[in-house]
Amino acid sequence: MQASPGVREQVGEAEWGLRCTLAAAHRLVAHFVFVDLTYNHISVRLPDNPSHFLVKPADVFMEQVSASNLVKYDLDGRQVLDSPYRAAPSAYNIHGAILRERPDLNAVLHTHSPANLAVSAQQRGLLMLTQQAMRFYGRITYYDYDGDDASREGSARLARAMGAHWLMMLRNHGVVVGGKNVPEVFIQHHFLELACRAQIGALCGGGPLVEPARELCEARAREFGQPGQYDATSRDWIAGLALIEKLHPDYKQ
C-alpha cells in the first residue's frame with residue numbers, strides 16, 4: 001500500500017486528528033463486519049470547511065485505510081487535496097449528496113454486508129425482533145433500488161429521499177447511516193448490523209416470531225436512537241479505539 005507523501009504536513013492538527021478517527025472507524029468496521037471488498041465507505045465533514053469531506057480511496061479495503069491515504073473532496077465531487085489516490089464516483093457522489101442535502105449530519109457510513117443486504121431484500125424490512133432493532137423503531141426510511149444510485153443524479157435522488165431520517169435502508173443494496181460524528185455512525189451501524197444478523201437467524205429458525213409492543217419499541221428508540229447520542233467519549237468508541245491501537249497501529253500513518 002502506497003503512502004501519500006506529505007499529507008501530515010499539508011493539513012492542520014484538527015484535520016489530522018479527524019483523519020485518524022476516520023481511519024480507525026474503517027478498521028473497526030472491517031474487524032466486526034463482513035463488507036463488500038472496496039465498495040463500502042465512511043465519510044466525515046471537515047468542521048473548518050463544511051463543504052469539504054474525507055472519504056476512503058477507491059483501491060483499498062477498509063482494513064487498509066490510514067490517515068494519510070484518505071482523500072478530500074468538495075460536495076460537488078472535486079478532489080481538493082493532491083493525492084496519488086482517488087475515491088470511487090459512488091463514494092464522492094453518494095456521500096457528497098447526503099452531506100450537501102443534510103447540513104445537520106457530519107458523518108455518513110454506507111455498507112453492503114450479507115446481513116443488511118438480506119434484510120434490505122425483505123418486504124417488511126427491519127423487524128423489531130431484538131433490543132438492537134428496537135433502537136431504530138420509526139427511525140428508518142426505505143429507498144427502492146433503481147439501478148442508478150451511484151451517479152451524480154442518482155445520488156441526489158437518494159439524498160433527497162432520505163428526508164429528515166438519519167438511517168436509510170436501500171432496497172436490494174444495503175444501508176446508509178448518518179450521524180453527528182464518526183464514532184456515532186460506527187456505533188449505530190454496529191447495532192444495526194447485529195439487528196440484521198439476528199433477524200436472518202430468527203427467520204431461519206422457522207418458528208413463530210415474537211415482536212414486542214409498539215410502546216416498548218418507541219421507548220427504546222427514544223432512549224438509544226437519537227442523533228448526537230454518541231461521540232468520542234462513548235465507551236464503545238473508547239474500547240474500539242484501544243483495540244485498533246493494539247491490532248492496527250498503522251492506521252495513524
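The values are calculated or read from the model by the stated rules, or taken from the named source; none is laboratory data. Computed from a predicted model, the values in this text were never measured in an experiment. Cβ coordinates were reconstructed from backbone atoms using ideal geometry, including for glycine residues, and neighbour counts include every protein chain displayed.
Here is a yes/no grid of residues against (1) surrounded by fewer than 16 Cβ atoms within 10 Å (Cβ to Cβ); (2) at pLDDT below 95; (3) more than 30 Å from Gly6 (Cβ to Cβ):
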site	(1), (2), (3)
Glu215	yes, no, yes
Phe224	no, yes, yes
Gly228	yes, yes, yes
Ser234	no, no, yes
Gln253	yes, no, no
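Do we find that Ala14 is crowded, with 24+ Cβ neighbours inside 10 Å, among the aliphatic types (A, V, I, L, M) and in a helix (DSSP H, G or I) in this structure?
No: the conditions fail for Ala14.
What are the pairs, 6+ residues apart or on separate chains, where a residue within region 139-153 that is free of Cβ contacts under 8 Å to residues at least 60 places away in the same chain has its Cβ under 7 Å from a residue that is charged (D, E, K, R)?
Hits for this filter: Tyr142/Arg171; Tyr143/Arg171; Asp144/Arg171; Tyr145/Arg171.
Quick one: is Val175 part of a strand (DSSP E or B), crowded, with 17+ Cβ neighbours inside 10 Å, touching a residue at least 40 places away in the same chain (Cβ under 8 Å) and not small (Gly, Ala, Ser)?
The answer is yes for Val175.
So which residues in region 222-248 are more than 17 Å from the chain's Cα centre (by Cα), charged (D, E, K, R) and under 22 Å from Ala195 (Cα atoms), if there are any at all?
Correct list: Arg222, Glu223, Arg235.
Within the set of pairs 6+ apart or on separate chains, which have a first residue in region 198-220 that is over 21 Å from Pro114 (Cα atoms), a second that is at pLDDT 95 or above and among the aromatic types (Phe, Trp, Tyr), and C-beta atoms under 8 Å apart?
Short answer, once both residue conditions are applied: Arg214/Tyr137; Cys217/Tyr137; Glu218/Tyr137; Arg220/Tyr137.
Quick grid of which residues meet (1) modelled with pLDDT of 95 or more; (2) outside any loop (DSSP other than H, G, I, E, B); (3) touching a Leu at 6+ places or on another chain (Cβ under 8 Å):
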{"site": "Arg86", "(1), (2), (3)": "yes, no, no"}
{"site": "Arg100", "(1), (2), (3)": "yes, yes, yes"}
{"site": "Asp104", "(1), (2), (3)": "yes, no, no"}
{"site": "Leu109", "(1), (2), (3)": "yes, yes, no"}
{"site": "Ala115", "(1), (2), (3)": "yes, yes, no"}
{"site": "Ala118", "(1), (2), (3)": "yes, yes, no"}
{"site": "Met128", "(1), (2), (3)": "yes, no, no"}
{"site": "Phe136", "(1), (2), (3)": "yes, no, yes"}
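Output yes when any residue across region 138-150 is touching a Lys or Arg at 6+ places or on another chain (Cβ under 9 Å), in a loop (DSSP other than H, G, I, E, B), among the charged types (D, E, K, R) and crowded, with 20+ Cβ neighbours inside 10 Å, and no when none is.
Yes, the conditions are met somewhere in region 138-150.
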